[in-house]
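A.B. asks: Please see the structure below; I have some questions.
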Amino acid sequence: MKLHEHQARKLLSEFSIPVPRGIVASSVDEAISAFHELGGPVVVKAQVLSGGRGKAGGVVLANNEAAVESAAKNILRLEIGGYSVKRLLITDACEISKEIYLSALIDRNAGAIAVMASSKGGMDIEEVALQSPELIMRRHVDYATGLPQFMARELGFELGLDWDQVKEFQSIASNLVELLKQVDASLVEINPLIVDGEGHCRAIDAKIDLDDNAMGRHPELENLRNPEEYTREEIEARNAGISYIKLDGNIGCMVNGAGLAMALLDVIKGEGGEPANFLDVGGGADSVQVRTAMNIILSDPTVRVILINIFGGITRCDEVANGVIEALGSISKDVDLVVRLVGTNEDEGLSLLKTAGISAHSSMVEAVKQAVELAS
Amino acid sequence: MSILINENTKVMVQGITGNQGSFHTNLMQQYGTNVISGVVPGKGGESVFGVPVFDTVIQAVEFDRPDCAVVFVPAAVAADAILEEVACGIPLIICITEGIPVLDVTRVMQAVNASGVRLIGPNCPGLISPGRSKVGIMPSHIHMPGPVGVVSRSGTLTYEVVQALTDAGIGQTTCVGIGGDPIIGTSFVEAVKMFQEDDETRGIVVIGEIGGEGEEQCAEYIGKYVDKPVVGFISGRSAPAEKRMGHAGAIVSGSTGSADAKISAFEEVGVSVARIPTDIAALISDLL
């Protein structure tokens, strides 16, 4: 689950990490009044769940009302990374004498929490990692201990901060790790953390990704969920225990298992077709889940063919067949159905389908070939 | 020999009274797996398909020391179940449970690494040494004993590949599902190392997917240390970036985790990479 900058910086504040003052605005008028309330030069920033805001023109410095008005107008018209800009963050503009990259994250390879810091702040960290990996420092952190002060000091001095600034950095870095642990984030990133004109450290941008698997124990964070992160169908699917991601093609897919679902997309593309979605109906899906999945696929008007690829293990073919048959009524005449059904209770499933007049393939590739032909 | 489990492996089931736990205990028994005990707090003294249930792992260990534990408990309490097994020194722990918060897994990994036990998963189908023992949820009938070791991050995709192998008359020493989560107990490298050291295994199939760098590390290891034939497959070539494709670990993030990077890493060390999963059977058959 991704947070907007204005949500992330609020969490940083709660963990005593200093951020410039800021006000959220959702119209040009609100942006102008925020400017007057802050009473000085401001930065107008697009609030979208995507990187690359600066490059897209979504971050603009404005010194007076006219500049704020035109910046707000322009940015509210932008679409960045597939998201149209609906909200702005107006913050105090800061004098910047140094830019640092700082993050706490779950390091997959190490299986542990890591803190990463770089003197190349303000840049795309992926770029820095490619161009000059030696400028990125990484320390692994014991879950129980958190980030020890000495480790934060090592990083601070290595970043070229003076002793007073290192003291501030020490507390920011430790609090960042605490924040990651407390909210079950997979990433908490400050890019950049700046040293301002008075020599103080401040976070002027913030990014937080929360672990979806942990949201069950954080009801207090549920209201931070942003509806635009997922489509209506994706949310409906998740509530039913289904993974659904909308894609651009016209072959609607239903598969059990994420690996097999991805492989099916690859085989479809290999045969010259275009999948309309990724859909993993989940392990042990029953007929209700299958019917829900069918309805989600059918709600996409571009779908010409539904391709069902089930390899029953924990999932039973007869349950799948029942769900498909129950959903048949909602399939319009111009949508074709192609089924591949093998595995647990295969014979029962196939005979149910046969009774309903549906034939099934035993090979995934054969099924894909037919679906691609019907869709083109 | 197979790797990790065989006909002598004594298995404890954590969460044996639940739907999945009891259902799969029965299927494992039918396959010939030696299930000696189960654990569910508050259910001590009951029995499931003739298997005695204990309140705690330590009680189960006092009854008869298991070689292997399999975890079916819900995600919210799964990390604690694994920590309990680690504390009791169970040498092999297989976690089927999906959806464990990743920070919990970092805590588990600290304990696992400090104690020297082996964790497989979480979010995995388990493992099977065909004809000998199965500790997991895979459909038994698609497997047959033979010379190929299979390691995979996915469940049903592995069934697809195993079915194709079996249909082609190529049996398996052991099939290991290492799990689809971002942090997992046993890596591709460790599984491949075990297959390389196993006398009975003559070829290795590695089924990877987008996300993380496990496949790249595996390719590097194969280049240096593996002389048995290896065939690979990578799922997710057409997946969009920054989207979590079902598995919590299957996400292309920035420049890491793309299918292309993984495929070329394999090809650079001479691993043939199948374009569709069922082609794996023909590729490995040519190399055996």
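A.B. asks: Taking the Cα centre of the range A:96-224 as origin and charging only Cβ (+1 Lys, Arg; -1 Asp, Glu), how large is the dipole, in debye to the nearest 20?
C.D. replies: Details: 11 positive and 23 negative charges, 61 e Å.
In debye, rounded to 20, the range A:96-224 gives about 300.
A.B. asks: When chain B is modelled as a GNM with alpha-carbon springs shorter than 10 Å, which of B:LEU157, B:LEU127, B:LEU119 fluctuates the most?
C.D. replies: B:LEU157
A.B. asks: Then there is this: So, R0 is 51 Å and r is the distance between the beta-carbons of A:SER299 and A:HIS200; what FRET efficiency does that work out to, to 0.05? Present the calculation step by step, with values, prior to reporting the outcome.
C.D. replies: Details: r = 52 Å, r/R0 = 1.02.
It comes out at approximately 0.50.
A.B. asks: Sorted from largest down, give the three principal axis spans of the alpha carbons of the range A:243-301, whole angstrom values.
C.D. replies: Result, largest extent first: 32, 26, 14 Å.
A.B. asks: Same structure again: Looking only at chain A, where both bridge partners belong to it, what percent of the DSSP beta bridges are antiparallel (to the nearest 5)? List each step's numbers first, then the result.
C.D. replies: On the way: 48 of 65 bridges.
So the antiparallel bridges in chain A amount to around 75 percent.
A.B. asks: Over what distance in Å are the Cα centres of the range B:153-178 and the range B:52-84 separated?
C.D. replies: With the range B:153-178 and the range B:52-84 each reduced to a Cα centre, they are spaced 28 Å.
A.B. asks: May I pose another question? Could you grab the Rg to Rh ratio for the range B:73-136? Cα atoms only, Kirkwood for Rh. If you can, show how the numbers build up before the last one.
C.D. replies: Numbers: Rg = 11.8 Å, Rh = 12.0 Å.
Value, to two decimals: 0.98.
A.B. asks: Taking the Cα centre of the range A:21-92 as origin and charging only Cβ (+1 Lys, Arg; -1 Asp, Glu), how large is the dipole, in debye to the nearest 20? Can you show the working numbers first?
C.D. replies: Values: 8 positive and 7 negative charges, 71 e Å.
Charge dipole of the range A:21-92: 340 debye, to the nearest 20.
A.B. asks: With every protein chain left in place and a probe of 1.4 Å, what is the accessible surface of A:CYS94, to the nearest 10 Å²?
C.D. replies: In the full protein context, A:CYS94 sits at about 30 Å².
A.B. asks: Averaged over every viewing direction, what's the projected area of the C-alpha convex hull for the range B:10-120? Give it in nm², one decimal, please.
C.D. replies: Details: hull surface 24.6 nm².
Taking the Cα atoms of the range B:10-120, their convex hull projects to 6.1 nm² on average.
A.B. asks: When every alpha-carbon pair in chain A is counted, what percent end up more than 32 Å apart?
C.D. replies: Details: 33879 of 70500 pairs.
That tail contains 48 percent of the Cα-Cα pairs.
A.B. asks: For chain A, modelled as a GNM with alpha-carbon contacts under 10 angstrom, which of A:VAL43, A:VAL60, A:VAL335 fluctuates the most?
C.D. replies: Checking each option, the largest mean-square fluctuation is seen for A:VAL335.
A.B. asks: Using a 1.4 Å probe and ignoring any ligands, DNA or RNA, find the accessible area of A:THR355 and quote it in Å² to the nearest 10.
C.D. replies: Taking all protein chains as shown, A:THR355 has close to 120 Å².
A.B. asks: Quote the convex hull volume per residue of the range A:21-92, based on C-alpha atoms, as a whole number of Å³. Write down the numbers at each step before the final one.
C.D. replies: Working: hull volume 4.8 nm³, N = 72.
With only Cα atoms used, the range A:21-92 gives 67 Å³ per residue.
A.B. asks: Rounded to a whole number, what % of the accessible area of chain B do carbon and sulfur atoms account for, probe 1.4 Å? Please report the intermediate quantities before stating the final value.
C.D. replies: Numbers: 4900 of 9800 Å².
Carbon plus sulfur share of accessible area: 50 percent.
A.B. asks: Turning to a different aspect of this structure: Can you spot the aspartates and glutamates whose alpha carbon is less than 20 Å from B:LYS224's alpha carbon? Ignore those fewer than 8 places along the same chain.
C.D. replies: Here the aspartates and glutamates satisfying the reach criterion relative to B:LYS224 are B:GLU190, B:GLU197, B:ASP198, B:ASP199, B:GLU213, B:GLU215, B:GLU216, B:GLU267, B:GLU268.
A.B. asks: Using the Cβ atoms and a cut-off under 12 Å, what net charge is assigned to the surroundings of A:VAL19, where Lys and Arg are +1 and Asp and Glu are -1? Working shown, then result.
C.D. replies: On the way: positive: A:ARG9, A:LYS10, A:ARG21, A:ARG202; negative: A:GLU5, A:GLU14, A:ASP92, A:ASP196, A:ASP205.
Local net charge: -1.
A.B. asks: When each pair of different Cα atoms in the range B:140-288 is counted once in the 1/r mean, what is the Kirkwood radius in angstroms, to one decimal?
C.D. replies: 15.0 Å
A.B. asks: Looking at the protein assembly as shown, I'd like the Rg to Rh ratio, where Rg is from alpha-carbon atoms and Rh is Kirkwood's inverse mean 1/r. Can you show the working numbers first?
C.D. replies: Numbers: Rg = 26.3 Å, Rh = 26.5 Å.
On the Cα set of the protein assembly as shown, Rg over Rh gives 0.99.
A.B. asks: Taking the inverse of the average 1/r across all pairs of different Cα atoms in the range B:86-225, what Kirkwood radius in Å do you get? Walk me through the numbers on the way to the answer.
C.D. replies: Numbers: mean 1/r = 0.0652 Å⁻¹.
This gives a value of 15.3 Å.
A.B. asks: Given a 1.4 angstrom probe, I'd like the percentage of the accessible area of the range A:120-255 that is carbon and sulfur, rounded to a whole number. Don't jump to the answer; show the numbers that get you there.
C.D. replies: On the way: 3030 of 6160 Å².
Ligands and nucleic acids excluded, carbon and sulfur give 49 percent.
A.B. asks: With r defined as the distance between the Cβ atoms of B:GLU46 and A:PHE157 and R0 fixed at 56 Å, what FRET efficiency is calculated, to the nearest 0.05? It would help to have the intermediate numbers written out before the result.
C.D. replies: Numbers: r = 60 Å, r/R0 = 1.07.
About 0.40, to the nearest 0.05.
A.B. asks: Could I ask something else about it? List for the range A:104-130: residues with 40 Å² or greater reduction in accessible area, all protein chains versus chain alone, probe 1.4 Å?
C.D. replies: Listed in order, they are A:ILE106, A:ARG108, A:ASN109, A:GLY111, A:GLU126.
A.B. asks: Placing +1 on the Cβ of each Lys and Arg and -1 on the Cβ of each Asp and Glu in the protein assembly as shown, which of A:ILE106, A:ILE297, B:VAL61 has its Cα farthest towards the positive end of the resulting dipole?
C.D. replies: Of the options given, the answer is A:ILE297.
A.B. asks: Calculate the length of the line joining the C-alpha centroid of the range A:255-310 to that of the range A:134-152, in whole Å.
C.D. replies: 43 Å
A.B. asks: With a 1.4 Å probe and all protein chains in place, put A:ARG225, A:ARG340 in order of accessible area, largest first. Spell out each step's value before the answer.
C.D. replies: Values: A:ARG225 60, A:ARG340 10 Å².
Result of the area sort, largest leading: A:ARG225, A:ARG340.
A.B. asks: Can you give the percent of C-alpha pairs in the range A:231-375 whose distance is more than 19 Å? Don't skip to the answer; put the middle values down first.
C.D. replies: Numbers: 4506 of 10440 pairs.
Summing the P(r) tail past 19 Å for the range A:231-375 gives 43 percent.
A.B. asks: Another question, if that's okay. Please report, in whole Å³, the volume per residue of the convex hull around the C-alpha atoms of the range A:96-224. Please report the intermediate quantities before stating the final value.
C.D. replies: Numbers: hull volume 14.8 nm³, N = 129.
Each residue corresponds to 115 Å³ of Cα convex hull volume.
A.B. asks: Then there is this: Just round it to a whole percent: the fraction of Cα-Cα distances in chain B exceeding 31 Å. List each step's numbers first, then the result.
C.D. replies: Values: 10194 of 41328 pairs.
Summing the P(r) of chain B above 31 Å gives 25 percent of all pairs.
A.B. asks: Which lysines, if any, have their Cα less than 28 Å from the Cα of A:LYS369, not counting same-chain residues under 8 positions apart?
C.D. replies: Leaving aside lysines fewer than 8 places away in the same chain, those within reach of A:LYS369 are A:LYS246, A:LYS269, A:LYS333, A:LYS354, B:LYS243, B:LYS262.
A.B. asks: Convert 37 °C to kelvin, take the viscosity as 0.692 mPa s, use the Kirkwood radius over C-alpha pairs of the range B:200-261 as Rh, and evaluate the Stokes-Einstein diffusion coefficient in µm²/s, rounded to a whole number.
C.D. replies: Numbers: Rh = 12.5 Å.
Approximately 263 µm²/s, per Stokes-Einstein.
A.B. asks: Would you mind counting up the charge near B:ARG153? Only other residues with Cβ under 13 Å from its Cβ, with Lys and Arg at +1 and Asp and Glu at -1.
C.D. replies: Details: positive: A:ARG108, B:LYS262; negative: B:GLU98, B:ASP181, B:GLU209, B:GLU213, B:GLU215.
In short, -3.
A.B. asks: What does the net charge come to around B:LEU103 if you take all other residues with beta carbon closer than 9 Å to its beta carbon, with K and R at +1 and D and E at -1?
C.D. replies: Numbers: positive: A:LYS181, B:ARG107; negative: A:ASP184, A:ASP211, B:ASP104.
Once all neighbours under 9 Å are counted, the net charge is -1.
A.B. asks: Using the crude model of +1 on Lys and Arg Cβ and -1 on Asp and Glu Cβ, and no other charge, please compute the dipole size for chain B relative to its Cα centre, in debye to 20.
C.D. replies: In debye, rounded to 20, chain B gives about 280.
A.B. asks: For the range A:86-228, compute the number of Lys pairs whose alpha carbons are separated by less than 24 Å, excluding pairs fewer than 8 positions apart on the same chain.
C.D. replies: Qualifying lysine pairs in the range A:86-228: 9.
The values are calculated or read from the model by the stated rules, or taken from the named source; none is laboratory data. All of these numbers come straight from a predicted model, not from anything done at the bench. Cβ coordinates were reconstructed from backbone atoms using ideal geometry, including for glycine residues, and neighbour counts include every protein chain displayed. Calculation scope for accessible area: heavy atoms of the full protein, side chains included, ligands and nucleic acids excluded. Shrake-Rupley method; radii C 1.70, N 1.55, O 1.52, S 1.80 Å.
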